[in-house]
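Structure record follows, encoded as C-alpha cells.
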Amino acid sequence: MSEVVVSTHPLVAHKVTRLRDARTGTKEFRELAHEITTLLLYEATADLPVDRIPVQTPLTTATGAELQANIGFIPILRAGLGMVPAASSLLPHAQVWHLGIYREHSTRMPVEYYNKLPEDLNIDVAIVLDPMLATGGSAVAAVDVLKLRDLRSVKFVGLIAAPEGVKALRDAHPDVQIYVAALDSHLNEDAYIVPGLGDAGDRLFGTA
Ligand code: PRP
Ligand code: URA
C-alpha cells in the first residue's frame, strides 16, 4: 500500500493558511491554488522516468534528461479545474481529460455527469486533480473510471484531505499514491472537511 504524502514544505504551509482564511477572495484563492498545485506536482512527479540525452551547450556537450513518460491530468469538475493551469504550465504537453463528478447532496454519493476521456488512452501516468478529498467518494469513482479503461499508474493530487477520504481511497485503490498539502482533522456532519477551507468550487469560481 502506498503512502499518503503530506507536504511539510513551509511555503505550502504558508499558502494553505491563506487558502483556508475565510477572508481570502476569489482572485487570491485561485492564485494560491495554482501555486500550491505547482509545489505539490513537483513532489508528485519526482519519480517520473527520464531518458538521458546529449545537449550541446555553447561550451560543450553535456548529458541532459528528457521526460520519458506521457502524462495525463484528470481534473474532477468542477473544482479540479482550479488545478489545471498549474499542471499545464509545468507539463504543457500533458493531456487533460475532463471528468465531471459531483457529490449528491443528501446521499453524498458521487454522481458522474461528464466524461471526456479519449478513445485512445496513450498515457503512462494518470494524475487525478481535485482540491478536496473528503469522504473520498469522488476520488474513488474517478480512479474506478480510469482503471476500467486499463490505466494502471494513477496518482491523486489534492489540496486538503480528511482522514476518512484517505482511508477510502487507499482501501479502494491501494496502489494510488496520494499527495496533499494538508491532512485535516475530520469531516463534519455535512461531510465537509474540518478545519478545511469550505466549498472549494464555490471559492474558486465565486459562487458562494
Ligand atoms: C467537491 C470536491 C470533490 C468532492 C470531494 O466537489 O471538489 O470533488 O467534493 O468530496 P468527496 O471526497 O466526499 O467525494 P463537489 O461535489 O462540491 O462539486 P463541485 O466541484 O462541482 O463544486
Ligand atoms: N467539498 C468541498 O469543496 N469541501 C469540503 O470540505 C468537502 C467537499
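Structural remarks
- Neighbourhood net charge (14 Å Cβ-Cβ; Lys/Arg +1, Asp/Glu -1) for residue 86: -2
- Considering only the chain, percent of DSSP beta bridges that pair antiparallel, nearest 5: 35 percent
- Inverse of mean 1/r across different Cα pairs in segment 121-167, Kirkwood, Å: 11.0 Å
- Dividing the radius of gyration of the alpha carbons in segment 55-103 by their Kirkwood radius gives 1.26 for Rg/Rh.
- Segment 1-37 versus segment 71-109: alpha-carbon centroid distance in Å: 17 Å
- Restricting the calculation to Cα atoms, segment 95-207 shows an Rg/Rh of 0.95 when the hydrodynamic-style radius is the Kirkwood one.
- Summing +1 for each Lys or Arg and -1 for each Asp or Glu among the other residues whose beta-carbon sits under 15 angstrom from that of residue 107 gives -2.
- Accessible area in square angstrom per residue, the chain, 1.4 angstrom probe: 51 Å²
- In the context of the full protein assembly, residue 20 retains an accessible surface of approximately 70 Å², using a probe radius of 1.4 Å and ignoring ligands and nucleic acids.
- Apportionment of accessible area to carbon and sulfur, the chain, percent (1.4 Å): 55 percent
- Convex hull volume of segment 67-152 per residue (C-alpha atoms, cubic angstrom): 90 Å³
- Translational diffusion of segment 1-58 was estimated from the Stokes-Einstein equation, with Rh taken as the Kirkwood radius over Cα pairs; at 20 °C and 1.002 mPa s the coefficient is 153 µm²/s.
- Sum of -39500 (n - 2.57) over DSSP H runs of 4+, divided by residues of the chain (222 nm, nearest 500): -9500 deg cm²/dmol
- Length-normalised contact order of the chain in % [C-alpha pairs under 8 Å, at least 6 apart]: 24 percent
- Mean projected area of the convex hull spanned by the Cα atoms of segment 85-132, taken over all viewing directions: 4.4 nm².
- Interatomic Cα distance distribution for the chain, bins of 10 angstrom, percent: 8, 36, 36, 14, 5, 1, 0
The values are calculated or read from the model by the stated rules, or taken from the named source; none is laboratory data. Every value quoted in this text rests on a predicted model; they were computed, and no experiment measured them. Heads up, the Cβs are rebuilt from the backbone with ideal geometry, glycines too, and the neighbour counts pull from every protein chain shown. These accessible areas exclude ligands, DNA and RNA; they are computed on the full protein's heavy atoms, side chains included. Shrake-Rupley method; radii C 1.70, N 1.55, O 1.52, S 1.80 Å.
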